[in-house]
Amino acid sequence: MKLKDKVAIVTGGGQGIGRAIALELAGEGAKVSVADLNPETAKKTAGEIKAMGREAIAVTVDITDLAQCDKMVKETIAAFGCVDVLVNNVGWDKMELFIQSEPATWDKVIAINLRGPINCFKAALPHLIERKYGRIVSIASDAGRVGSSGEAVYSGTKGGIISFSKTIAREVARHGITVNVVSPGPTDTPFFAAVAGDNPAIAEGLKKAIPLRRLAQPEDIAGAVAFFASDKASYVTGQVLSVSGGLNMV
Ligand SMILES: NC(=O)c1ccc[n+]([C@@H]2O[C@H](COP(=O)([O-])OP(=O)(O)OC[C@H]3O[C@@H](n4cnc5c(N)ncnc54)[C@H](O)[C@@H]3O)[C@@H](O)[C@H]2O)c1
């Protein structure tokens, strides 16, 4: 097991990619703090982990609020004694052309996708620095690397979290902390269903364009996160791994 007895926080662990990451890390031996805005789904994922014979807690958090992120870290330490791994997975978008978008939507996208992970870094880093150990993995998007029509501000926030992560990777490497990014392509989750609406042509068109001819499943993303979270990746930092079925080979 790659993560035996490690303690991991997974934000947005209640559903979709975050749920798959939480289950994957638990399968590799980690104790998992499933942190989500939705207490019901967080509890459900934590219950699935316990049913695997592993330890988990559900933490209710709104990552756009730094005080709540501090509380998330404290609750995890109270339950498991420390934090080894932070997975910044939460994200949100509303698909529309930029010219039709409104400032209130930009503010929400920026708060959740950029300020939120920054809050989580700020909350977790003092503890990781003190322990001289940490693995931080953030979920960006290939929209943040190559752009995506209808997702301008979202793309900006995801590009932002990539460059933010690289900078923090440089700043904290001397403390034994690695910081990496997993960059999914289109992935079959409730978020994708909401963004694609009820238009099956979007998924069909993407499948034709993706060399591996299918959308990612959440488990495809989780495997890459488990690698970065493990000591198999202890000499890898400041990197971005696209998990997109070959859709974007840059
Ligand atoms: N699904 C895709 O096609 C796709 C593609 C590329 C990148 N991503 C990224 O992957 C990540 C996960 O996406 P998903 O498709 O699983 O999303 P999802 O909407 O299915 O799940 C997101 C989870 O985050 C939680 N959440 C939302 N706002 C929160 C907040 N303020 N505080 C705490 N929790 C909050 C939700 O309750 C939910 O459980 C996101 O960062 C997303 O941008 C997804």
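The values are calculated or read from the model by the stated rules, or taken from the named source; none is laboratory data. Bear in mind that the values here come from a model prediction, so they are computed numbers and not experimental data. Quick reminder, even Gly has a Cβ in these numbers, built from the backbone with ideal geometry, and neighbours come from all protein chains shown.
So, in region 134-148, how many residues would count as being touching a residue at least 60 places away in the same chain (Cβ under 8 Å), near the ligand (Cβ under 10 Å from one of its atoms) and within 12 Å of the chain's Cα centre (by Cα)? Quick ask: steps written out before the conclusion?
Filtering region 134-148 for residues touching a residue at least 60 places away in the same chain (Cβ under 8 Å) gives 135, 137, 139-140, 142, 145-146.
Restricting the remaining residues to those that are near the ligand (Cβ under 10 Å from one of its atoms) gives 139-140, 142.
Adding the requirement that they be within 12 Å of the chain's Cα centre (by Cα) leaves 139-140.
Total satisfying the criteria: 2.
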Only one of (1) modelled with pLDDT of 95 or more; (2) within 15 Å of the ligand (Cβ to nearest atom); (3) of a type in the set (A, V, I, L, M, F, W, C); (4) under 19 Å from Val195 (Cβ atoms) does not apply to Cys120, and that is (4)
Report the residue count in region 193-215 for those that are crowded, with 17+ Cβ neighbours inside 10 Å and either more than 16 Å from Ala143 (Cα to Cα) or in contact with a Leu (Cβ under 7 Å, 6 or more places away or on another chain) (or both).
3
Within region 216-247, which residues are exposed (fewer than 13 other Cβ atoms within 10 Å of the Cβ) and hydroxyl-bearing (Ser, Thr, Tyr)?
Ser234, Tyr235
Are any of the residues in region 18-26 farther than 23 Å from Lys232 by Cβ, crowded, with 24+ Cβ neighbours inside 10 Å, of a type in the set (Gly, Ala, Ser) and within 15 Å of the ligand (Cβ to nearest atom)?
no
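How about region 27-42: which of its residues are away from the ligand (no atom under 12 Å from the Cβ) and surrounded by fewer than 21 Cβ atoms within 10 Å (Cβ to Cβ)? Reasoning before the result, please.
Narrowing region 27-42 to residues away from the ligand (no atom under 12 Å from the Cβ): 27-33.
Of everything in region 27-42, those that are away from the ligand (no atom under 12 Å from the Cβ) and surrounded by fewer than 21 Cβ atoms within 10 Å (Cβ to Cβ) turn out to be Gly27, Glu28, Gly29.
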State whether the residues of region 93-111 include one that is within 29 Å of Gly29 (Cα to Cα), of a type outside the set (A, V, I, L, M) and touching a residue at least 12 places away in the same chain (Cβ under 8 Å).
no
Would you check which residues across region 28-87 are more than 15 Å from the chain's Cα centre (by Cα), among the hydrophobic types (A, V, I, L, M, F, W, C) and assigned to a loop (DSSP other than H, G, I, E, B) and list them?
Ala30, Met52, Cys82, Val83
What is the number of the single condition among (1) within 16 Å of the ligand (Cβ to nearest atom); (2) part of a helix (DSSP H, G or I) that Ile99 does not meet?
(1)
Over region 110-136, the set of residues buried (at least 23 other Cβ atoms within 10 Å of the Cβ) and among the hydrophobic types (A, V, I, L, M, F, W, C) is Cys120, Ala123, Ala124, Leu128, Ile136
Just need a number here: residues in region 55-67 that are closer than 16 Å to Val83 by Cα and more than 10 Å from the ligand (Cβ to nearest atom).
4
Output the residue which, of all residues in region 7-66 that are charged (D, E, K, R) and in contact (Cβ under 8 Å) with a residue 60 or more places away in the chain, is nearest to Phe191 (Cα to Cα).
Arg19
For region 149-247, which fully contained helices (runs of 4 or more DSSP H) count at least 3 residues that are more than 28 Å from Met1 (Cα to Cα) and away from the ligand (no atom under 14 Å from the Cβ)?
152-172, 200-209
If I go through region 69-92 residue by residue, how many of them are within 12 Å of the ligand (Cβ to nearest atom) and crowded, with 20+ Cβ neighbours inside 10 Å?
7
